[in-house]
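Here's the structure, in structure tokens; my notes come after.
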Amino acid sequence: MPLRGLPSLALCAVVSCGGDKPALGPDGAPPADGPADTLGADATADAQAPRRLLAIAPSPREQPPPVTSQDLIDAINLAYDAGCRGMGLSYNWSRLEPSAGNYQLTDLANGVGYLGDQRGFDMLLTIQVLNTTAKETPADLQSVPFDSPQMRARFHALLSAIGAYLGNAHILYLSIGNEVDVYLSAHPGEGGPYKSFYDDGVAFVHQMFPRVKVGVTSTFDGAGGGAAAAVALLNQSSDVYVLTYYPLGAQFMPRPPQTATTDIAQMVQLAAGRPLILQEVGYPASPILGSSEQAQADFVTAVYAAWQSAGPTAIPFLDFFLMHDLTAAQCDTLAMYYGLPNNANFKAYLCSLGLRNVDGTPKLGWQAFTAGAAAAGFP
């Protein structure tokens, strides 16, 4: 089962710091020269092309506890120092609007203000209307069809409420729904209504925030497999083509690392001329799954090579998941959310996606990540 929504779920908690803006320590301030503005080693002179953005979900080291605001800042600094100038922000609609007309935007304001305005990261914002397996609208909309006037009006109101942040120059991309192919495959009667809802949302964003490029996130397994026709139809009105990518086979066993070479080439073809936004890219390292630190590192290296081969404009945003491993307790919680509380392989997958260990020590994958960034010309 392609259950891939957890990265977005985890990342929103990482950057919001419990709703309070992290206090900047001595190492938290941006460098005096500001963020770099390079395109990488294979940049062209085309001034109209978006700069390529490298990102990683900056989860802090979790052990030993407690995790502090400075731990979050340290993780963001690690990403920055490695060459990252991109960042992903994700929020369930129900988190932004817990009840009708009641907007809770402190976390979003802190995330955009700190990461964008203070640190200079350019961002992809994902509003999880659907989140892999769940409909994440406010409770009073759970039984309302997606193509109803009520649903459209409420989403317009949400977009207007967050307009100050969508209008921020550092928000480049907006995704309306996370890994929607998984949910819609399980609820086939909602595919048409969701497309109508999505098309209306794209038109509204174009009208109100014309600078922002809009897409909808699907899994690569769905977009390149059983849900290919539905994903292609849904993306007809998209400005960008957004995917998550975890090359897993049966029982969450990862496919060989070099599969990234052909998979990413296929993704560019699926994008059909649209910029390809890789919202999440990850590979587990657990021996339980027949993997290892070396296999994870080889995957990271293969992703970089495929990114370079695609050219300077095909994939403007690449976000690796995850910086540090999650704890066993966090993996238990996420496994419960996705309905697999007793699946040892699923938990091994969740708990080994980090490129650094839960105690903050680097894995071979982190070495591959920083080496690949340097070789590609970042920052």
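The values are calculated or read from the model by the stated rules, or taken from the named source; none is laboratory data. Here the structure is a predicted model, which means the values were calculated and not measured. Using ideal geometry, Cβ is built from the backbone for each residue, glycine included, and neighbour counts are taken over all protein chains shown.
Just one of the listed residues (Gly192, Gly226) is at pLDDT below 95 and of a type in the set (Gly, Ala, Ser), and it is Gly226. Among the residues of the range 121-149, those identified as without any contact (Cβ under 8 Å) to a residue 12 or more places away in the chain and of a type outside the set (S, T, N, Q) are Val144, Pro149. When the criteria are applied in full, Gln367 fails the requirement of being assigned to a helix (DSSP H, G or I) and under 26 Å from Ala271 (Cβ atoms).
Restricting Ala272, Ala329 to those that are at positive phi, over 18 Å from the mean Cα position of the chain (by Cα), of a type in the set (A, V, I, L, M) and at pLDDT 95 or above reduces the list to Ala272.
Can you find even one residue in the range 100-108 that is more than 17 Å from Ile76 (Cβ to Cβ), assigned to a helix (DSSP H, G or I) and either touching a residue at least 60 places away in the same chain (Cβ under 8 Å) or within 21 Å of the chain's Cα centre (by Cα) (or both)? Within the range 100-108 (the criterion being more than 17 Å from Ile76 (Cβ to Cβ), assigned to a helix (DSSP H, G or I) and either touching a residue at least 60 places away in the same chain (Cβ under 8 Å) or within 21 Å of the chain's Cα centre (by Cα) (or both)), the answer is yes, since at least one residue qualifies. Residues that are of a type in the set (Phe, Trp, Tyr) and not in a loop (DSSP other than H, G, I, E, B) within the range 232-248 comprise Tyr241, Tyr245, listed in sequence order.
Among what's in the range 123-167 and is of a type in the set (Ser, Thr, Tyr) and either touching a helix residue (DSSP H, G or I) at 6+ places or on another chain (Cβ under 6 Å) or over 16 Å from Gln207 (Cα atoms) (or both), pick the residue that is surrounded by the fewest Cβ atoms within 10 Å (Cβ to Cβ). Within the range 123-167, the match that is surrounded by the fewest Cβ atoms within 10 Å (Cβ to Cβ) is Ser143. Residue check: Arg152 meets all listed conditions (1) of a type in the set (D, E, K, R); (2) under 19 Å from Ala100 (Cβ atoms); (3) in contact (Cβ under 8 Å) with a residue 60 or more places away in the chain but one, namely (3). Hey, among the residues in the range 59-99 that are of a type in the set (A, V, I, L, M, F, W, C) and in a loop (DSSP other than H, G, I, E, B), which one's surrounded by the fewest Cβ atoms within 10 Å (Cβ to Cβ)? Filtering first and then ranking leaves Val67.
Would you mind finding the one in Ala335, Ala306, Ala271, Ala295 that is of a type in the set (A, V, I, L, M, F, W, C), in contact with a Ser or Thr (Cβ under 6 Å, 6 or more places away or on another chain) and buried (at least 17 other Cβ atoms within 10 Å of the Cβ)?
Ala306
Residues that are surrounded by fewer than 18 Cβ atoms within 10 Å (Cβ to Cβ) and either among the polar types (S, T, N, Q) or over 22 Å from Leu172 (Cβ atoms) (or both) within the range 100-113 comprise Ala100, Gly101, Asn102, Tyr103, Gln104, Thr106, listed in sequence order.
Every test in (1) touching a helix residue (DSSP H, G or I) at 6+ places or on another chain (Cβ under 7 Å); (2) among the polar types (S, T, N, Q); (3) within 30 Å of Ala374 (Cβ to Cβ) is passed by Asn343 save one, and that test is (3). Quick check on Asp319: is it surrounded by 17 or more Cβ atoms within 10 Å (Cβ to Cβ) and either touching a residue at least 12 places away in the same chain (Cβ under 8 Å) or closer than 19 Å to Ala374 by Cα (or both)? Yes, satisfied. Within the range 322-352, which residues are touching a residue at least 60 places away in the same chain (Cβ under 8 Å) and in a helix (DSSP H, G or I)? Result: Gln330, Leu334, Tyr337, Asn345, Phe346, Ala348, Tyr349, Leu350.
Taken together, Gln266, Gln294, Gln251 contain a single residue that is of a type outside the set (A, V, I, L, M, F, W, C), over 17 Å from Asp221 (Cβ atoms) and part of a helix (DSSP H, G or I), which is Gln294.
Please determine whether any residue of the range 168-180 is surrounded by 20 or more Cβ atoms within 10 Å (Cβ to Cβ), at pLDDT 95 or above, touching a Ser or Thr at 6+ places or on another chain (Cβ under 7 Å) and assigned to a helix (DSSP H, G or I). Yes: one or more hits.
May I ask you to verify whether Asp239 is within 19 Å of the chain's Cα centre (by Cα), closer than 18 Å to Leu125 by Cα, surrounded by fewer than 19 Cβ atoms within 10 Å (Cβ to Cβ) and acidic (Asp, Glu)?
Details: within 19 Å of the chain's Cα centre (by Cα): yes; closer than 18 Å to Leu125 by Cα: yes; surrounded by fewer than 19 Cβ atoms within 10 Å (Cβ to Cβ): yes; acidic (Asp, Glu): yes.
Criteria met by Asp239.
Pairing each residue of the range 189-205 that is more than 17 Å from Leu166 (Cα to Cα) and basic (Lys, Arg) with any residue that is buried (at least 19 other Cβ atoms within 10 Å of the Cβ) and at pLDDT 95 or above, provided the two are 6+ apart or on different chains, yields C-beta distances under 6 Å for Lys195/Leu234. If you take the residues in the range 189-213 that are assigned to a helix (DSSP H, G or I) and in contact with a Gly (Cβ under 8 Å, 6 or more places away or on another chain), which one is farthest from Leu159 (Cα to Cα)? Selected residue: Tyr194.
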